[in-house]
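Chemist: Questions regarding the structure given below will be posed in turn.
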Amino acid sequence: GQQVQQSPASLVLQEGENAELQCNFSTSLNSMQWFYQRPGGSLVSLFYNPSGTKHSGRLTSTTVIKERRSSLHISSSQTTDSGTYLCALEHNAGAKLTFGGGTRLTVRP
Amino acid sequence: EAAVTQSPRNKVAVTGGKVTLSCNQTNNHNNMYWYRQDTGHGLRLIHYSYGAGSTEKGDIPDGYKASRPSQENFSLILELATPSQTSVYFCASGEGQGRQNTLYFGAGTRLSVL
């Protein structure tokens, strides 16, 4: 089965609402990374988070290793937050990253 | 600012032809990666490298070769392109294991094999 699963697959919000994106993994990890991808665009790193909670503006990432999950919280969403959010697991065994399927977020004005 | 440059940005190839996708990074990063992104499959790792002269197979290496002649350059080679290799290809670089291996991605190459 898939090593990294993201939920929900898609999410529609009204501007100003909050979002909680989940990433669950079935293997051990060295770290979890979160990326943002604009439609048709490249990926931009949001967080490198091996464990615990990290904040960046309206974004918060929390990784709980023993529960094999990581989450990305977006507060007070804006239309410019629309796009795809991907989590990626960095394995213990090497430096390769395995990506989840992504959450496609649409924020409506 | 970390910089990863891919070329070409768009490519149309014929079935059975040879295709080379190039990637250059100015970050002095040890690790480099090639991923492809397809609807329904997300990003999948094709090949990666720990440094000049090294190449490692990723999760879907069949039909692809990789070359890392220098720290800065990492190429993906399709010796005999097939329509199933039509995809968007992303190159990335990262500092490597033992350090904060944040990945920096290129803009992507859209490849169509007819």
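The values are calculated or read from the model by the stated rules, or taken from the named source; none is laboratory data. Small disclaimer: the values here were computed from a predicted structure and weren't measured. Cβ atoms come from the backbone with ideal geometry, glycine included; neighbour counts cover every protein chain shown. The area values use the complete protein model at the heavy-atom level, side chains included, leaving out ligands, DNA and RNA. Shrake-Rupley method; radii C 1.70, N 1.55, O 1.52, S 1.80 Å.
Chemist: Can you tell me which residues in the range B:1-20 are open to solvent by less than 50 Å² (accessible area, probe 1.4 Å), farther than 19 Å from B:LEU103 by Cα and of a type in the set (A, V, I, L, M)?
Modeler: Step one: filter the range B:1-20 for residues open to solvent by less than 50 Å² (accessible area, probe 1.4 Å), giving B:2-4, B:6, B:8, B:13, B:16-17, B:19.
Still in the list and also farther than 19 Å from B:LEU103 by Cα: B:8, B:13, B:16-17, B:19.
Scanning the range B:1-20 gives B:ALA13, B:VAL19.
Chemist: Kindly provide the set of residues from the range A:1-32 that are part of a strand (DSSP E or B) and among the aliphatic types (A, V, I, L, M), ordered by number. Reasoning before the result, please.
Modeler: Filtering the range A:1-32 down to residues part of a strand (DSSP E or B) leaves A:4-7, A:10-14, A:19-25, A:31-32.
A:VAL4, A:LEU11, A:VAL12, A:LEU13, A:ALA19, A:LEU21, A:MET32, listed by residue number.
Chemist: Taking the range A:32-57 on its own, how many of its residues are open to solvent by 70 Å² or more (accessible area, probe 1.4 Å) and not β-branched (Val, Ile, Thr)? Step through it out loud before you land on a result.
Modeler: Kept after step one, since they are open to solvent by 70 Å² or more (accessible area, probe 1.4 Å), are these residues of the range A:32-57: A:38-40, A:44, A:53-55, A:57.
Okay, now just the ones that are also not β-branched (Val, Ile, Thr), so A:38-40, A:54-55, A:57.
The total comes to 6.
Chemist: Is there a residue in the range A:13-31 that is within 17 Å of A:LEU86 (Cβ to Cβ), among the acidic types (Asp, Glu) and either at pLDDT 90 or above or surrounded by fewer than 17 Cβ atoms within 10 Å (Cβ to Cβ) (or both)?
Modeler: Scanning the range A:13-31, I find at least one residue that is within 17 Å of A:LEU86 (Cβ to Cβ), among the acidic types (Asp, Glu) and either at pLDDT 90 or above or surrounded by fewer than 17 Cβ atoms within 10 Å (Cβ to Cβ) (or both), so the answer is yes.
Chemist: Can you find a residue in the range A:70-83 that is in contact (Cβ under 8 Å) with a residue 40 or more places away in the chain, closer than 19 Å to B:ASP38 by Cα and part of a strand (DSSP E or B)?
Modeler: So far as the range A:70-83 goes, yes, one or more of its residues are in contact (Cβ under 8 Å) with a residue 40 or more places away in the chain, closer than 19 Å to B:ASP38 by Cα and part of a strand (DSSP E or B).
Chemist: I've got another one for you. Restricting attention to the range B:64-71, does a residue exist that is surrounded by 14 or more Cβ atoms within 10 Å (Cβ to Cβ) and more than 13 Å from the chain's Cα centre (by Cα)? So that I can check it myself, show each step before the final result.
Modeler: Just the residues of the range B:64-71 that are surrounded by 14 or more Cβ atoms within 10 Å (Cβ to Cβ), to begin with: B:64-68, B:71.
Narrowing the set further to residues that are more than 13 Å from the chain's Cα centre (by Cα) leaves B:71.
Scanning the range B:64-71, I find at least one residue that is surrounded by 14 or more Cβ atoms within 10 Å (Cβ to Cβ) and more than 13 Å from the chain's Cα centre (by Cα), so the answer is yes.
Chemist: Suppose we keep only residues that are open to solvent by 50 Å² or more (accessible area, probe 1.4 Å), touching a strand residue (DSSP E or B) at 6+ places or on another chain (Cβ under 8 Å) and over 21 Å from A:PHE35 (Cβ atoms) within the range B:25-62. Which one would you say is farthest from the other protein chains (Cβ to nearest Cβ)?
Modeler: Ranking the qualifying residues of the range B:25-62, first place goes to B:THR55.
Chemist: Anything in the range B:74-114 that is on the phi > 0 side of the Ramachandran plot and open to solvent by 20 Å² or more (accessible area, probe 1.4 Å)? List them, or say none.
Modeler: B:GLY98
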